[in-house]
1. On the given criteria, is G68 crowded, with 19+ Cβ neighbours inside 10 Å and closer than 21 Å to I162 by Cα?
2. Can you pull out the residues in the stretch 107-118 that are more than 20 Å from G29 (Cα to Cα) and open to solvent by less than 50 Å² (accessible area, probe 1.4 Å)?
3. Within the stretch 95-106, how many residues are crowded, with 16+ Cβ neighbours inside 10 Å and either farther than 29 Å from R158 by Cα or among the β-branched types (V, I, T) (or both)?
4. Looking at L50, L32, can you tell me which residue is touching a Ser or Thr at 6+ places or on another chain (Cβ under 9 Å) and either in a loop (DSSP other than H, G, I, E, B) or without any contact (Cβ under 8 Å) to a residue 40 or more places away in the chain (or both)?
5. Identify, by number, the condition in (1) over 23 Å from V76 (Cβ atoms); (2) without any contact (Cβ under 8 Å) to a residue 12 or more places away in the chain that F108 doesn't meet.
6. Would you mention how many residues in the stretch 14-23 are farther than 12 Å from T111 by Cβ and open to solvent by 30 Å² or more (accessible area, probe 1.4 Å)?
Amino acid sequence: MKQMRDLFDVRGFLTLFDAKMGPQGLTRGKILHADKNIITTVGRQRVAQLITGLSTDFVNQMAIGDGGAPQGDLLVPIVPVLADTALAHELRRTNVVNPGVIGQVLTFTATFLTASLTPIDFISPLNQVINEAGLFCVDNALFARKTFPSVPFSPGDRVGVIAEWSIEVL
């Protein structure tokens, strides 16, 4: 008789939208970046702990940073690894809003405004960009990380970005 085994996996996908100011406030503009991400080793451990009741440290924050690509080549992101525990250079962290679950997909959304940062917050004030994002648990554990080609992030470039992170449990 053939042995059967259920497989359990967690996968993520990050979409960054250009934030546009409209009559109803901030809305999603064009997609700036969309791609799968890694779920860190700690993130996978957190899922197992949540299932077994050994943890209550759920995902509740998202962050952006500018350390996801070398300053000399801002369009070539550094590949994240499973052992990552933080962003390389975190610029801003915020609570996610309206987390939702549809079927086996969890969705987290956060808005980051360019006006909340000053040039000296960036690694290089001449390169006001974002090129990494992270999804964090209540205890500040990095659940998921994504690096991407740099996106200009100054008030002269855009109002901000709206980040939507989907986590699928397979």
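1. Judged against the criteria, G68 is a match.
2. L117
3. Summing the residues that are crowded, with 16+ Cβ neighbours inside 10 Å and either farther than 29 Å from R158 by Cα or among the β-branched types (V, I, T) (or both) in the stretch 95-106 gives 1.
4. L50
5. Of the numbered conditions (1) over 23 Å from V76 (Cβ atoms); (2) without any contact (Cβ under 8 Å) to a residue 12 or more places away in the chain, the odd one out for F108 is (2).
6. Kept after step one, since they are farther than 12 Å from T111 by Cβ, are these residues of the stretch 14-23: 14-15, 22-23.
After this cut, where a residue has to be open to solvent by 30 Å² or more (accessible area, probe 1.4 Å) as well, the list is 23.
Number satisfying all stated conditions: 1.
One line per residue, one yes/no per condition, for (1) out of contact with any His (no Cβ under 6 Å at 6 or more places or on another chain); (2) at pLDDT 95 or above; (3) on the phi > 0 side of the Ramachandran plot; (4) among the small types (G, A, S):
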| position | (1), (2), (3), (4) |
| --- | --- |
| V79 | yes, yes, no, no |
| I102 | yes, yes, no, no |
| F112 | yes, yes, no, no |
| I123 | no, yes, no, no |
| N131 | yes, yes, no, no |
| A163 | yes, yes, no, yes |
| L170 | yes, no, no, no |
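Conditions (1) open to solvent by 50 Å² or more (accessible area, probe 1.4 Å); (2) more than 12 Å from the chain's Cα centre (by Cα), marked per residue:
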{"site": "D9", "(1), (2)": "no, yes"}
{"site": "G25", "(1), (2)": "no, yes"}
{"site": "V42", "(1), (2)": "no, yes"}
{"site": "A48", "(1), (2)": "yes, yes"}
{"site": "L54", "(1), (2)": "yes, yes"}
{"site": "N60", "(1), (2)": "no, no"}
{"site": "D73", "(1), (2)": "yes, yes"}
{"site": "T85", "(1), (2)": "yes, yes"}
{"site": "H89", "(1), (2)": "yes, yes"}
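The values are calculated or read from the model by the stated rules, or taken from the named source; none is laboratory data. Note that this is a predicted model, so its numbers are computed, not measured. Cβ atoms come from the backbone with ideal geometry, glycine included; neighbour counts cover every protein chain shown. Surface accessibility is based on the protein's heavy atoms, side chains included, excluding ligands, DNA and RNA. Shrake-Rupley method; radii C 1.70, N 1.55, O 1.52, S 1.80 Å.
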